[in-house]
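Right, one structure below, let's go through it.
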Amino acid sequence: MANEIRTSLSVAIVNGNYRDDFRPGALNYTQVTASGGNPGSVSIGTAEEDIAFGDVTPGLVMMQNLDTTNFVKFGPKSAGSMVLCGKISPGKIAYFELGAAVTLRMQADTAACLVLIKGLSP
């Protein structure tokens, strides 16, 4: 089969006379194996930690910070430390492709945050 994974994004901005949008349409991915979705809800502490995806080698990662107060930072692991790539504000999401040999690291800002993490193998 093909195109088992389908994602879409639509952003519209209306602020007074300023209007803009970003609507790239749906992106389709072929899933390599039937496994995926790991690790689920993870408590991210204030010290850097590796994210374990189990048997899944994620190429596509989606995360939502479920905390209502604190942000989390994320990035690839390099020489034992996280290289900051981005942050997820309270309640917000991040979506990106992850390289095959990359270890994802995360760190909460002030207090531990619950983050929903899905890693799929397209």
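Overview of results
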{"item": "Computed magnitude of the charge dipole of the chain (debye, nearest 20; Cβ of K, R +1, Cβ of D, E -1)", "result": "220 debye"}
{"item": "For region 59-122: rounded, prolate or oblate by the Cα gyration tensor [a/c cutoff 1.5]", "result": "oblate"}
{"item": "For the chain, share of DSSP beta bridges that run antiparallel, in % to the nearest 5", "result": "100 percent"}
{"item": "Most mobile listed residue (S89, S81, S41) in the chain, GNM with C-alpha springs under 10 Å", "result": "S81"}
{"item": "Stretch gain in nm, segment S81-F96, where the contour uses 0.36 nm per residue and the Cα spacing is subtracted", "result": "3.4 nm"}
{"item": "Length added when fully stretched, T30-N3, from 0.36 nm per residue minus Cα-Cα", "result": "9.3 nm"}
{"item": "Cα gyration tensor shape for the chain, rounded if a/c is under 1.5, else prolate or oblate", "result": "oblate"}
{"item": "Leading residue at positive end of dipole, the chain (Cβ point charges), from A112, N3, G80", "result": "N3"}
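Read-outs throughout are calculated quantities, based only on the coordinates presented, and are distinct from any laboratory measurement. Here the structure is a predicted model, which means the values were calculated and not measured. Reconstructed Cβ throughout: ideal geometry from the backbone, glycine too, with neighbour counts over all protein chains shown.
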